[in-house]
Amino acid sequence: MKRLLLPLLLTAAFSAHAVEYGTVLVEKSQITFTSKQMGVPVDGRFGKFAATLSFDPARPEAGKAQIEVDLASVDAGSKDANDEVVSKGWFNVREFPKARFVSTSVKALGNNRFEVKGQMTIKGRTRDMTVPFSYKPDGAGSAATGVFEGVLPLQRTQFGIGEGAWADTSVVADEVPIKFRLVASQASAAPRK
Amino acid sequence: MTPLRYTRTAMLLHWLMAVLILGMFGLGIYMADLPLSPQKLKLYSYHKWAGISVLLLALARVAWRIGHAPPPLPASQPHWQQMAAHAGHGLLYVLIFAAPLSGWMMSSALGFPVVWFGVLPLPDLIGKDKALGELLKLVHQYLNYVFLAVVTGHALAAIKHQWLDRDGTLARMLPACTPSDLPENRP
């Protein structure tokens with residue numbers, strides 16, 4: 001009986017980790033955020049970013065991700081805000097054009113929920129962050145993709161985003177949750193049994 | 001018998017709105033051209049909170065008015081003046097709704113929901129639409145210029161009746177006046 005079970009288990013394990021995701025389809029993905037101004041939620045987004053990830057739902061701990069956001073592509077909700085937020089006191093895009101997240105570890109939380117730890121660098125400051133996310137397979141065959149969704153709990157003052165008078169978090173809240181939806185295609189067509 | 005003056009509730013609503021609306025004219029004109037700053041965000045919020053308050057007071061006022069007929073205009077007033085007064089008041093009733101509503105709609109269209117006093121999120125009246133929002137900004141602006149003109153006319157007319165014609169029109173809306181200030185009670 002044991003002799004029969006082992007190959008069976010191995011087969012199951014192999015077919016489960018036959019799905020591995022690699023290339024992020026930027027045009028299908030989005031990074032949005034909600035800033036709170038005087039208690040008023042204002043939606044914004046980043047138009048340009050690049051991401052690479054490798055993720056196998058059967059071996060999440062081997063997962064890796066790197067995301068680079070072009071900060072000048074920000075839409076903070078109004079023209080005034082867009083002009084302001086790229087300036088020196090906010091992102092200072094001239095000196096620091098990109099925000100970068102590099103993962104250090106991934107952990108399964110169960111029920112298709114995961115948690116990635118990593119380092120976020122914005123405006124020359126690097127901070128450790130923990131980001132919960134969900135994974136969902138979508139589509140089939142060569143069009144099969146993995147959808148990764150989550151919210152990165154950014155605190156703007158940790159990165160000096162909004163200095164001087166803008167540091168007042170009673171006007172613009174410190175928490176600026178960054179919502180992401182990354183759609184990735186399969187890294188390689190693994191043989192299926 | 002028809003009362004000679006407005007009820008205390010009507011007076012309270014009238015003067016509360018008068019203060020709010022006059023303050024809002026000044027604030028609105030001042031804040032619109034400010035460069036973006038935390039101060040500007042604060043002022044915009046105060047303006048919106050006050051605007052929603054005006055809207056609620058307007059609703060209360062209409063509800064009260066339905067059950068409480070206003071005192072008649074002095075019989076000494078010429079017919080055309082009485083007609084003009086009714087038309088002006090009608091216009092003011094329209095504007096106390098139209099001005100805040102246009103601001104609320106503009107806010108919704110521009111993607112800035114209104115959170116009353118920073119705690120009560122109000123629903124968006126219309127969906128996010130930048131072009132429509134810019135149009136509504138103009139509508140809000142010009143509607144309020146009209147509003148300011150009508151309010152000025154309203155105040156000037158009240159002053160003229162009270163101090164030039166001395167017919168007691170304004171006293172009908174003043175809680176501090178004793179009944180002897182009304183022309184009917186003068187010797």
Any idea which residue in the range A:31-53 is modelled with the lowest pLDDT, counting only those that are surrounded by fewer than 16 Cβ atoms within 10 Å (Cβ to Cβ) and more than 14 Å from chain B (Cβ to nearest Cβ)?
A:THR52
Could you say whether any residue in the range A:89-101 is within 14 Å of chain B (Cβ to nearest Cβ), aliphatic (A, V, I, L, M), assigned to a strand (DSSP E or B) and out of contact with any Lys or Arg (no Cβ under 6 Å at 6 or more places or on another chain)?
no
Condition check for A:GLY162: touching a residue at least 12 places away in the same chain (Cβ under 8 Å), surrounded by 18 or more Cβ atoms within 10 Å (Cβ to Cβ) and within 14 Å of another protein chain (Cβ to nearest Cβ):
yes
Taking the range B:21-52, which residues are more than 15 Å from the chain's Cα centre (by Cα) and among the small types (Gly, Ala, Ser)?
B:ALA32, B:SER37, B:SER45
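Return yes or no: is A:GLU115 within 14 Å of chain B (Cβ to nearest Cβ), surrounded by 15 or more Cβ atoms within 10 Å (Cβ to Cβ), out of contact with any Cys (no Cβ under 8 Å at 6 or more places or on another chain) and acidic (Asp, Glu)? Write out each step before concluding.
Working: within 14 Å of chain B (Cβ to nearest Cβ): no; surrounded by 15 or more Cβ atoms within 10 Å (Cβ to Cβ): yes; out of contact with any Cys (no Cβ under 8 Å at 6 or more places or on another chain): yes; acidic (Asp, Glu): yes.
For A:GLU115, the condition - within 14 Å of chain B (Cβ to nearest Cβ), surrounded by 15 or more Cβ atoms within 10 Å (Cβ to Cβ), out of contact with any Cys (no Cβ under 8 Å at 6 or more places or on another chain) and acidic (Asp, Glu) - is not met.
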Out of (1) in contact (Cβ under 8 Å) with a residue 60 or more places away in the chain; (2) crowded, with 17+ Cβ neighbours inside 10 Å; (3) assigned to a helix (DSSP H, G or I), the one B:LEU95 does not meet is (1)
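How many residues, within the range B:1-35, are within 14 Å of chain A (Cβ to nearest Cβ) and surrounded by fewer than 16 Cβ atoms within 10 Å (Cβ to Cβ)?
Quick first cut of the range B:1-35, residues within 14 Å of chain A (Cβ to nearest Cβ) only: B:31-35.
Next cut, surrounded by fewer than 16 Cβ atoms within 10 Å (Cβ to Cβ) only: B:32-35.
Result for the range B:1-35: 4.
Can you find, within the range B:113-145, the residue that is surrounded by the most Cβ atoms within 10 Å (Cβ to Cβ) among those that are more than 18 Å from B:LEU95 (Cβ to Cβ) and away from chain A (no Cβ under 14 Å)?
B:LEU132
Which residue, of B:TYR46, B:TYR93, is within 14 Å of chain A (Cβ to nearest Cβ) and among the hydroxyl-bearing types (Ser, Thr, Tyr)?
Working: B:TYR93 fails: within 14 Å of chain A (Cβ to nearest Cβ).
Matching residue, one of B:TYR46, B:TYR93: B:TYR46.
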A:ARG156: passes all of (1) out of contact with any Leu (no Cβ under 8 Å at 6 or more places or on another chain); (2) within 21 Å of A:ALA62 (Cβ to Cβ) but (2)
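Name every residue in the range A:119-143 that is of a type in the set (Ser, Thr, Tyr) and either under 16 Å from A:ILE67 (Cβ atoms) or surrounded by 13 or more Cβ atoms within 10 Å (Cβ to Cβ) (or both), in order of residue number. Spell out how you get there, then give the answer.
Residues of the range A:119-143 that are of a type in the set (Ser, Thr, Tyr), as a first pass: A:121, A:126, A:130, A:134-135, A:142.
Selection gives A:THR121, A:THR126, A:THR130, A:SER134, A:TYR135.
Give A:ALA140, A:ALA184, A:ALA144 a once-over and let me know the one that is more than 14 Å from chain B (Cβ to nearest Cβ), over 14 Å from the mean Cα position of the chain (by Cα), in contact (Cβ under 8 Å) with a residue 12 or more places away in the chain and over 30 Å from B:PRO35 (Cβ atoms).
Details: A:ALA140 fails: in contact (Cβ under 8 Å) with a residue 12 or more places away in the chain; A:ALA184 fails: over 14 Å from the mean Cα position of the chain (by Cα).
After applying the criteria, what remains is A:ALA144.
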Output yes when any residue across the range A:159-174 is touching a Gly at 6+ places or on another chain (Cβ under 9 Å) and assigned to a strand (DSSP E or B), and no when none is.
yes
Residues being assigned to a loop (DSSP other than H, G, I, E, B), touching a strand residue (DSSP E or B) at 6+ places or on another chain (Cβ under 7 Å) and away from chain B (no Cβ under 14 Å) - total across the range A:57-86:
2
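The values are calculated or read from the model by the stated rules, or taken from the named source; none is laboratory data. Small disclaimer: the values here were computed from a predicted structure and weren't measured. Virtual Cβ from ideal backbone geometry, glycine too; neighbours counted across all protein chains shown.
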